[in-house]
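**Student:** Here it is, the structure in full.
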Amino acid sequence: MLEDPESAPISPAERSLLAFVRSVNGRSFELRDDEVRAVQSAGWSDEAIYDAVTVSALFNFYNRWCDATGVSAMSEEAHRESGKRLARFGYAA
């Protein structure tokens, strides 16, 4: 999926949304109405498109914030433990 989203075993609708998110990440200042309409035509609601843009923008922000402030990446083991904790308790615990 991460290496080649074009051939990944996902639905055409998911492929359409990921292509849109790639455009959001790489050239948000050039997005056109027809690109949004293509995602809508693939079956995504305006709310889902808004959520995808928001998540993409937040991850861009977080990555830049971490880079600029020197926050280091978690180790593989820390990610595993975090995943276990989230699976058991969720985000609200």
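**Student:** Pick from segment 63-93 the residues that are aromatic (Phe, Trp, Tyr) and surrounded by fewer than 10 Cβ atoms within 10 Å (Cβ to Cβ): which of them is farthest from Asn25 (Cα to Cα)? First the steps, then the outcome.
**Tutor:** From segment 63-93, those aromatic (Phe, Trp, Tyr) are 65, 89, 91; that's our starting set.
When the remaining residues are screened for being surrounded by fewer than 10 Cβ atoms within 10 Å (Cβ to Cβ), the result is 89, 91.
On the way: Phe89: 32, Tyr91: 26 Å.
Top of the filtered list is Phe89.
**Student:** Here is a follow-up. Of everything in segment 35-93, what is outside any helix (DSSP H, G or I), of a type in the set (A, V, I, L, M, F, W, C), under 28 Å from Ser23 (Cβ atoms) and without any contact (Cβ under 8 Å) to a residue 12 or more places away in the chain? Give them in sequence order.
**Tutor:** Val71, Ala73
**Student:** Is there any pair with a first residue in segment 1-21 that is without any contact (Cβ under 8 Å) to a residue 40 or more places away in the chain and a second that is part of a helix (DSSP H, G or I) and exposed (fewer than 10 other Cβ atoms within 10 Å of the Cβ) whose Cβ atoms are under 7 Å apart and which are 6 or more apart or on different chains, and what are they?
**Tutor:** none
**Student:** Further question on the same structure: Considering only residues of segment 3-18 that are of a type in the set (A, V, I, L, M, F, W, C) and over 11 Å from the mean Cα position of the chain (by Cα), which is surrounded by the fewest Cβ atoms within 10 Å (Cβ to Cβ)? Before the answer, list the steps.
**Tutor:** Residues of segment 3-18 of a type in the set (A, V, I, L, M, F, W, C): 8, 10, 13, 17-18.
Now drop any that are not over 11 Å from the mean Cα position of the chain (by Cα), which leaves 8, 10, 13.
Values: Ala8: 12, Ile10: 14, Ala13: 14.
Only one residue fits best here, namely Ala8.
**Student:** Check Gly43 against each of (1) at pLDDT 95 or above; (2) more than 19 Å from Arg15 (Cβ to Cβ); (3) among the small types (Gly, Ala, Ser) and name the one condition it does not meet.
**Tutor:** Against the list (1) at pLDDT 95 or above; (2) more than 19 Å from Arg15 (Cβ to Cβ); (3) among the small types (Gly, Ala, Ser), Gly43 comes up short only on (2).
The values are calculated or read from the model by the stated rules, or taken from the named source; none is laboratory data. Remember, it's a predicted structure, so these values are computed and weren't measured experimentally. Here Cβ is always computed from backbone atoms with ideal geometry, including for glycine, and neighbour counts include all displayed protein chains.
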